[in-house]
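Encoded as structure tokens, the structure appears first; notes follow it.
The values are calculated or read from the model by the stated rules, or taken from the named source; none is laboratory data. Here the structure is a predicted model, which means the values were calculated and not measured. All Cβ positions, glycine included, derive from the backbone under ideal geometry; neighbour counts span all protein chains shown.
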Amino acid sequence: MIYLDANASEMPRPEGEAAMLAALRLVGNPASVHGAGRAARRIQEEARESLARLFGGDPARLVFVSGGTEANVLAMQGLGAGRRVLVGATEHDAVRAAAPAAAVLPVLPDGRVDLAALRDALAGGGPALVCLMLANNETGVLHPVAEAARLCAAHGALLHVDAVQAAGRLSVSLAELGAHSLAIASHKLGGPHGAGALLLSDMAAGLLRPIWRGGGQERGWRGGTPPVAALAGFAAAARAAVDEMRATEARLAACREAIEQAALALGATIAGAAAPRLANTTCLVLPGRGALGQLMALDLAGFAVSAGAACSSGKVAPSHVLQAMGVDATLGSGAAGQAIRVSLPWNVRQADVSAFIAAYSAMVTGKRPA
Amino acid sequence: MRVMRILAAMSGGVDSSVVAAMLHADGHEVIGVTLQLYDHGAALGRKGACCAGQDIHDARRVADRIGIPHYVIDAEARFAADVMAPFAASYAAGETPVPCVRCNQSVKFRDLLTLADELGAAALATGHYVRRAEGPAGPELRRARDAARDQSWFLFATTRAQLARARFPLGDMPDKGAVRAMAARFGLAVADKPDSQDICFVPTGSYAETVRRHHPEALAPGEIVDAAGTVLGRHEGIARYTVGQGRRLGLNDGRVVVRIEPAARRVVVGPRAEGRRVVRLAEVNWLIDAPLAPSPASVKLRARDALRDAMIVADGADGALVTLSEPALPAPGQACVFYDGDRVLGGGFIRRDDA
């Protein structure tokens, strides 16, 4: 199987694996007073310091959680109290479902949030919490988050940034963005499942309230014994990803370019191609071919890719991201249900990319690859 | 035996699970697919529950156990348009629909065979109890070996082109017990799962509520009258009646529904013996060359009805005229399926007199 679904779960990084295996051998609860507890706590705090440094935060204001969804929900529940919530139309379900009554910020046809609409929305009422993702999981499109942050600051609004897809792939810094909170997830940057973090600004730290308090872990922001080994793997994977970021980005961009040129020649359209995007992600819309049929054909040929919105049942629904970008009008009715996402893992090989191009071509033309 | 890539329609029940396991054991490359036909959470009135029910979960676990790929296909919009809406409209028009036939016709055999084409699969296998035999003039549809389980009546609308690629591995099973035993041998957790009941998309058992959502007028009160127009009582909606029905009339004198008049919302009753011999059919599917002269056949007017002697003849582009040897009370909307012994010759939907 050739794995090209890094945005669902990034290929594990060996540094993360090694750190996790070492930590798994330890006994001890980081909340315990004895030596074993101190050893576990040391691993946890080293991971916290490492991640805070990598993503422009302060370790004293970094909350470990179970993953991206919890990080987003914790920020939105904590910071959204008493505020109007404004959510980008192409946000992940983790964010959209956390604020079902939120006002939706439209995106431009290239997938980037409409800053004029954001400005109008901010001018139109009381204190607000704005939630935007740095990089879109389906298209890789990068929102102009720094500009959005300036608008938010000018209107006294809080800004929560979902950096789950961007972290480890782009330079991401809570401080430089001027955001109030930032969500990241371990398995999206090559660490294990089950760990994530919410980085908070000084002001946001004062506002945050726990969803559950439990034993008061994480400075009272998030109860429960942390998965120490997962946190060790999370931090080690993040260090490796950030260290190699520039080189990886250049390599993946070249691979993606090859895929996109081939797909375009076969009649596909690339969603969000006009916007700055993550280097590893491409969203290929193939007119008249349902996303699930494409996924099945590629899966059976040994390629793991994905379609926009797979729900827990496994069914594939039309992509709300592409619908928000208006592809049903620009690319034809039903186009939002005709896209697959190819997201290259950090260690993709040139041969995998060539094989994918051959399989995609065979799927489109109906001919078996030679 | 030629090894093929086969699409297996898996409902999550024991029958289709065994089909997938049998074909896999025979060496075929089996691809499991489950249709998500409607929102189970909504159907059960559970807000926020997953759209997928236990059956989809079961199908995935069976596929995992067998070791085959499995996919869930969102057929909600298609099912709503091609099965549920016509189901409700049919009741509102005074008919008694057969949604399972519509479902087999549309989302199952039409859409899944299209998917099979896209995936380069040679055949589509289902867990229906029916047999497919190679005859001199191509594939034939035959009744299942287990007469109690035979589902051929529900599959009359399968076209000859569809039949050519359909596979029904359970048609030769002696009985359900044998299928369950096979499921147990394959180690499938669904071996003891109870059979599904009634209409799948009304799990609460109240089909009237489903009809009411689309066509409230079909559940509006009206009169029960005799042939002369004498009012004998009131009813709570024509959708609660089918031709031939004796219950819910408040009469208990042997009279049954002989006709439903949707425009007037009247249910007309008469003696059971007051049947008809000529039945007109629409949307006829022939699995033989359409007979241009009246030909003898056995026909079945309801899923659980007995076979009746009749003469059948094609009538226009997609109609047929059936002349029963003894009068009967066929219900418009139901299927009339033609047999020659075990073989299905075709069938169609029973028309209303005014249609």
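Just name the residue that is surrounded by the most Cβ atoms within 10 Å (Cβ to Cβ) out of those in the stretch B:1-20 that are of a type outside the set (A, V, I, L, M, F, W, C) and assigned to a helix (DSSP H, G or I).
Among those residues, the one meeting the criterion is B:Ser17.
For the stretch B:259-266, state whether one or more residues are buried (at least 16 other Cβ atoms within 10 Å of the Cβ) and closer than 30 Å to B:Gly138 by Cβ.
Among the residues of the stretch B:259-266, not one is buried (at least 16 other Cβ atoms within 10 Å of the Cβ) and closer than 30 Å to B:Gly138 by Cβ, which makes the answer no.
Looking at the stretch B:105-122, I want the residues that are within 13 Å of chain A (Cβ to nearest Cβ) and have a partner that is of a type in the set (D, E, K, R) and in a loop (DSSP other than H, G, I, E, B) with Cβ atoms under 9 Å, at least 6 apart or on another chain. Which pairs are those?
Once the first residue is within 13 Å of chain A (Cβ to nearest Cβ) and sits in the stretch B:105-122, its partners that are of a type in the set (D, E, K, R) and in a loop (DSSP other than H, G, I, E, B) give B:Glu118/A:Arg289; B:Gly120/A:Arg368.
If we scan the stretch A:295-304, do we find a residue that is assigned to a loop (DSSP other than H, G, I, E, B) and either within 30 Å of B:Val30 (Cβ to Cβ) or at pLDDT below 95 (or both)?
Taking every residue of the stretch A:295-304 in turn, at least one turns out to be assigned to a loop (DSSP other than H, G, I, E, B) and either within 30 Å of B:Val30 (Cβ to Cβ) or at pLDDT below 95 (or both).
Kindly state which helices (runs of 4 or more DSSP H) lie completely within the stretch B:140-232 and contain at least 1 residues that are assigned by TED's automatic domain parsing to the domain that holds B:Asp58, of a type in the set (Lys, Arg) and surrounded by 15 or more Cβ atoms within 10 Å (Cβ to Cβ).
Of the helices (runs of 4 or more DSSP H) lying wholly inside the stretch B:140-232, those with at least 1 residues that are assigned by TED's automatic domain parsing to the domain that holds B:Asp58, of a type in the set (Lys, Arg) and surrounded by 15 or more Cβ atoms within 10 Å (Cβ to Cβ) span B:160-165, B:176-185.
Give the residue that is surrounded by the fewest Cβ atoms within 10 Å (Cβ to Cβ), with candidates limited to residues of the stretch B:103-136 that are small (Gly, Ala, Ser), part of a strand (DSSP E or B) and at pLDDT 95 or above.
B:Ala133
Out of curiosity, is A:Leu292 free of Cβ contacts under 8 Å to residues at least 24 places away in the same chain, at negative phi and either surrounded by fewer than 18 Cβ atoms within 10 Å (Cβ to Cβ) or within 14 Å of another protein chain (Cβ to nearest Cβ) (or both)?
Here the answer is no, as A:Leu292 does not meet what is asked.
Since B:Cys100 meets every condition but one in (1) surrounded by fewer than 21 Cβ atoms within 10 Å (Cβ to Cβ); (2) within 14 Å of another protein chain (Cβ to nearest Cβ); (3) under 25 Å from B:Ala282 (Cβ atoms), which condition does it not meet?
So the condition that B:Cys100 fails would be (2).
Considering (1) within 13 Å of another protein chain (Cβ to nearest Cβ); (2) under 23 Å from A:Leu142 (Cα atoms); (3) among the basic types (Lys, Arg), say which one A:Arg256 fails and leave the rest.
Just one mismatch for A:Arg256, condition (1).
Considering only the stretch B:71-97, state which residues are of a type in the set (Ser, Thr, Tyr) and away from chain A (no Cβ under 12 Å).
Across the stretch B:71-97, the qualifying residues are B:Ser90, B:Tyr91, B:Thr96.
Please state which of the following conditions A:Trp212 fails to meet, knowing it meets all the rest: (1) at pLDDT 95 or above; (2) more than 22 Å from the chain's Cα centre (by Cα); (3) of a type in the set (Phe, Trp, Tyr).
(1)
Just name the residue that is nearest to the other protein chains (Cβ to nearest Cβ) out of those in the stretch A:313-335 that are part of a helix (DSSP H, G or I) and over 20 Å from the mean Cα position of the chain (by Cα).
So, considering only residues that are part of a helix (DSSP H, G or I) and over 20 Å from the mean Cα position of the chain (by Cα), the one nearest to the other protein chains (Cβ to nearest Cβ) is A:Asp328.
Between A:Ala117, A:Ala89, which is in contact (Cβ under 8 Å) with a residue 40 or more places away in the chain and either in the same structural domain as A:Ala274 (by TED's automatic domain parsing) or of a type in the set (Gly, Ala, Ser) (or both)?
A:Ala89
Just for the stretch B:52-70: of the residues that are of a type in the set (D, E, K, R) and within 11 Å of chain A (Cβ to nearest Cβ), which one is farthest from B:His24 (Cα to Cα)?
In this case the residue turns out to be B:Asp55.
Within the stretch A:274-283, is even one residue modelled with pLDDT under 95 and more than 12 Å from chain B (Cβ to nearest Cβ)?
Among the residues of the stretch A:274-283, not one is modelled with pLDDT under 95 and more than 12 Å from chain B (Cβ to nearest Cβ), which makes the answer no.
Considering only the stretch B:306-335, state which residues are outside any strand (DSSP E or B) and buried (at least 17 other Cβ atoms within 10 Å of the Cβ).
Scanning the stretch B:306-335 gives B:Leu329, B:Pro330, B:Ala331, B:Pro332, B:Gly333, B:Gln334.
Yes/no per residue for (1) assigned by TED's automatic domain parsing to the domain that holds A:Phe303; (2) surrounded by 14 or more Cβ atoms within 10 Å (Cβ to Cβ); (3) in a loop (DSSP other than H, G, I, E, B); (4) among the small types (Gly, Ala, Ser):
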site	(1), (2), (3), (4)
A:Gly224	no, yes, yes, yes
A:Ala229	no, yes, no, yes
A:Ala232	no, yes, no, yes
A:Ala237	no, yes, no, yes
A:Ala253	yes, yes, no, yes
A:Glu257	yes, no, no, no
A:Ala263	yes, yes, no, yes
A:Gly272	yes, yes, yes, yes
A:Ala275	yes, yes, yes, yes
